[in-house]
Amino acid sequence: MKLGEGIYKSSLATDDWRPDPEVGGEMHTLLSEDQIEAGLSRFATAQSDPIEWTLPKRETVLILEGEARIEIAGGPTLELRAGDIASMPKGARTTWHLTTPFREFWVLA
């Protein structure tokens, strides 16, 4: 929720979830302005296939629930669980394998 110029507030307990057509699951957007996007993603059930995602900007994630194995083409594989933070460069071709339920906070900048 925008509270003022450049000031946003939300909660992990939000009910404002929308389908995420790019990667599946659901997304809650905190902000999207000035070349920066931030929000939450969640997946309640296991995905039948891994999620392939080429990063449009640098992405930084904080895993809130569940686990993610992120394979980065030409780079390392990240093994992340609740409490872990990672940052990946713009253009990285990634394949995500999730353990559900899964929730993350993400920033694209």
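The values are calculated or read from the model by the stated rules, or taken from the named source; none is laboratory data. All figures in this text were calculated on a predicted structure; none of them were measured in a lab. We place every Cβ from the backbone using ideal geometry, glycine too, and count neighbours over all the protein chains shown.
In the condition set (1) charged (D, E, K, R); (2) surrounded by 17 or more Cβ atoms within 10 Å (Cβ to Cβ); (3) touching a Leu at 6+ places or on another chain (Cβ under 8 Å), residue 67 is compliant with all but (2).
Here's the yes/no breakdown for (1) free of Cβ contacts under 8 Å to residues at least 24 places away in the same chain; (2) in a loop (DSSP other than H, G, I, E, B):
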site	(1), (2)
45	no, yes
49	yes, yes
62	no, no
80	yes, no
86	no, no
94	no, no
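Applying the criterion of being among the acidic types (Asp, Glu) and either exposed (fewer than 14 other Cβ atoms within 10 Å of the Cβ) or on the phi > 0 side of the Ramachandran plot (or both) to the residues of region 17-54, the residue that is farthest from the chain's Cα centre (by Cα) is 34.
Among the residues of region 7-39, those identified as part of a strand (DSSP E or B) and touching a residue at least 60 places away in the same chain (Cβ under 8 Å) are 36, 37, 38, 39. From (1) at pLDDT 95 or above; (2) at negative phi, pick out the condition that doesn't hold for residue 91. Among (1) at pLDDT 95 or above; (2) at negative phi, residue 91 violates only (2).
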